[in-house]
Amino acid sequence: MNIIEKNLPEIWPTILDNSNNGILLINDQGTILFYNVAAKLIFGRPVDVDLIGKNIAKIRPEAWPDLKNIIETGIPQFKKKITVSDVTIIANRCPVEKDGKIIGVLSVFQDISEYETMISELQGYQRLHRELEVIFESSYDGLYITDGNANTIRLNRAYEKITGLSKKDLIGRNMHTLVEEKVIDHSVTLEVLEKKKPITILQQIKGDKQLIVTGTPVFDENNEIFLVVTNVRDITKLNTLRGQLEDTKRINSRFYQTLQEYDGIEHALKEMVIKSQAMIQVVKKAIKVARAETSVLLLGESGVGKSMLAGIIHKMSPRKDDPFIKINCGVIPDSLMESELFGYEKGAFTGALQSGKAGLIEIAHGGTVFLDEIGELKLDMQVKLLEVIEEKTFTKVGSQHSTKVNVNIIAATSRNLKKMISEGSFREDLYYRLNVVPISIPSLRQRKEDILPLTLNILKKFNKQKKLKRRLAPETLDMLAGYDFPGNVRELVNIVERMVIMCEENQIGLADLPSEIMKKDGSIPKFTSHQGSLKKILAGIESQVIKETVSRCDSIAEASRELDLHPTTLWRKMTKHRIKN
């Protein structure tokens, strides 16, 4: 008999205390008769606190109903899952009987919190594995995976479909063997393992099937390749991969340019308030040339919007985030022109700043210079401007050294530069440098369909600015639409502002129009009160406007576009007013 057998009654509690399972014995009243250390720890009680004689109903009140039921019914509980604080346990509870009477309950339980965590993690891994499996098999491209020794581990259905090779013929086989047997003509996996970097190749498999194959190495913590993932795409149906890629690039480029042009036109239409096809074509041309970053010459009468169009060209150019400097050559005195344009060094002349001064050309470096009224620039300044365009340099007043500058030039004029060249007041070489892309802006009288939207937009701005609620009577709009506006948009702005200020009522009527519009010959005839009702007067105005427009235009379609009428409607009105085509 060994020492344990001899002393078993005395060391039995010690044996039970070494058990990882909690053991608890209560009598039929719930009084704790025995417990081991594991039970106390699971209950969250300090080891040095004695629980003998305590009632389980007070220590673990949530457990007492089940224990009491066992005492009353004699039915044991097995694998009962219980949460005690943050601990999850599995308990087996059996009644203790003596002489046919239940005298207590023995409960043996185990902390399974770690197992629960492990199960949860395992389920997470299993779910992730299923998701990755679905993704792997759902890929449109073929996927082929080898280990770091070029042995095939797995491949997806797409790879089988693309190559005509099956998993049973490939899995477990080495890429060297597959190449030797000419199953494939070239292995990207072997190149990746040799060069230790991603590789893309064109590959031929079994006949004429052409594939683009990209192999990517996967490194372990020791920077050794342990996997090679290969992506396979069938390009057999393409004429050539290079051609398709180039076509795609060209399509993307054209699409991007079209979007830019569309956005630019939308922006310009809102900013300049354009409705006429003539001006829409002007804007399209301006946006197209903006991307080219070349010299532009804007032509047109004074007040047609050359400055605004120059601003749009700048905003649509690659230089849009750099300076946009406007220079009106007609307002700077000749004596100051050189120093204003090109700047000066300190002490260059009497009254010069001691620090010197940067010229407008230098300030515009990287951006755009808009030279309005370029025809007013004297010949000596034309020479210096030519240097900026051709050499991209200029010389400050009082300096012996040239300065580099990078600007794009937009020039504008209302004068006939070719005539000035013949008269010797404008340099021919500068003209051709500026006139790379000429854009002629039509006068307002040549695009009368823009008058109404322009007028309403200008009125809206002045109402907001002056906090008024002016509106234009229909007959007033008709009179404005028939006026030639020799001063173009600038004159229209002037007239609308004057009417807004001088009008006594919120509605601007015929009486508020300037006399030059009411008396203008050759536009809309002036009707006096004895000529009939307002309806008759307006009919006469309509007849005169249609007659003038039809006689000026080359076709009914052109006249209908200018009048913003459907051709059928124009024909009906011509018939009504007996106007011949």
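The values are calculated or read from the model by the stated rules, or taken from the named source; none is laboratory data. Everything numeric in this text was worked out from a predicted model, so none of it was measured. All Cβ positions, glycine included, derive from the backbone under ideal geometry; neighbour counts span all protein chains shown.
Side notes on the structure shown:
- Conditions (1) modelled with pLDDT under 90; (2) small (Gly, Ala, Ser); (3) closer than 23 Å to ILE458 by Cβ; (4) touching a strand residue (DSSP E or B) at 6+ places or on another chain (Cβ under 9 Å); number of the one not met by ALA310: (1)
- Residues satisfying the criterion are absent from region 289-310 (criterion: of a type outside the set (S, T, N, Q), under 21 Å from VAL397 (Cα atoms) and not in a loop (DSSP other than H, G, I, E, B)).
- Scanning region 432-457 for residues that are free of Cβ contacts under 8 Å to residues at least 60 places away in the same chain and surrounded by 19 or more Cβ atoms within 10 Å (Cβ to Cβ) yields ILE451, THR455.
- Set MET337, MET316, MET381: member being within 23 Å of ALA286 (Cβ to Cβ) and buried (at least 17 other Cβ atoms within 10 Å of the Cβ): MET316
- Test: LYS182 is surrounded by fewer than 18 Cβ atoms within 10 Å (Cβ to Cβ), among the basic types (Lys, Arg) and not in a helix (DSSP H, G or I): yes
- In region 71-117, counting only strands (runs of 3 or more DSSP E) that sit wholly within it, the ones holding 2 or more residues that are in the same structural domain as SER19 (by TED's automatic domain parsing), within 18 Å of VAL37 (Cβ to Cβ) and in contact (Cβ under 8 Å) with a residue 40 or more places away in the chain span 87-98, 101-111.
- Residues within region 552-571 that are of a type in the set (D, E, K, R), in a helix (DSSP H, G or I) and either touching a residue at least 12 places away in the same chain (Cβ under 8 Å) or exposed (fewer than 12 other Cβ atoms within 10 Å of the Cβ) (or both), tallied: 2
- Filtering region 501-549 to residues that are out of contact with any Lys or Arg (no Cβ under 8 Å at 6 or more places or on another chain), farther than 24 Å from MET574 by Cβ, β-branched (Val, Ile, Thr) and at pLDDT 80 or above leaves only ILE517.
- Only a single criterion out of (1) closer than 30 Å to ASN21 by Cβ; (2) at pLDDT 85 or above; (3) out of contact with any Asp or Glu (no Cβ under 6 Å at 6 or more places or on another chain); (4) surrounded by 13 or more Cβ atoms within 10 Å (Cβ to Cβ) is not satisfied by LYS167, namely (1).
- Residue in region 311-323 that is nearest to HIS365 (Cα to Cα), counting only those that are of a type outside the set (Val, Ile, Thr) and assigned to a helix (DSSP H, G or I): HIS314
- In summary, ALA473 fulfils each of the numbered conditions (1) out of contact with any Gly (no Cβ under 6 Å at 6 or more places or on another chain); (2) at pLDDT below 90 with the single exception of condition (1).
- Flag for TYR144 being among the hydroxyl-bearing types (Ser, Thr, Tyr), outside any loop (DSSP other than H, G, I, E, B) and within 17 Å of ILE212 (Cα to Cα): yes
- Residues satisfying the stated conditions in region 443-482, i.e. under 23 Å from LEU309 (Cβ atoms) and assigned to a loop (DSSP other than H, G, I, E, B): SER443, ARG447
- For THR350, the criteria (1) modelled with pLDDT under 90; (2) surrounded by 18 or more Cβ atoms within 10 Å (Cβ to Cβ); (3) of a type in the set (Val, Ile, Thr) hold in every case but one, which is (2).
- Subset of region 407-442 that is part of a loop (DSSP other than H, G, I, E, B) and within 38 Å of the chain's Cα centre (by Cα) - its residue that is nearest to LEU480 (Cα to Cα): PRO442
- Whenever a residue of region 271-290 is free of Cβ contacts under 8 Å to residues at least 40 places away in the same chain, its partners that are surrounded by 21 or more Cβ atoms within 10 Å (Cβ to Cβ) and in a helix (DSSP H, G or I), lying with C-beta atoms within less than 6 angstrom and at least six residues away or across chains, give the pairs VAL283/ALA268; ILE287/GLY264; ALA290/ILE313.
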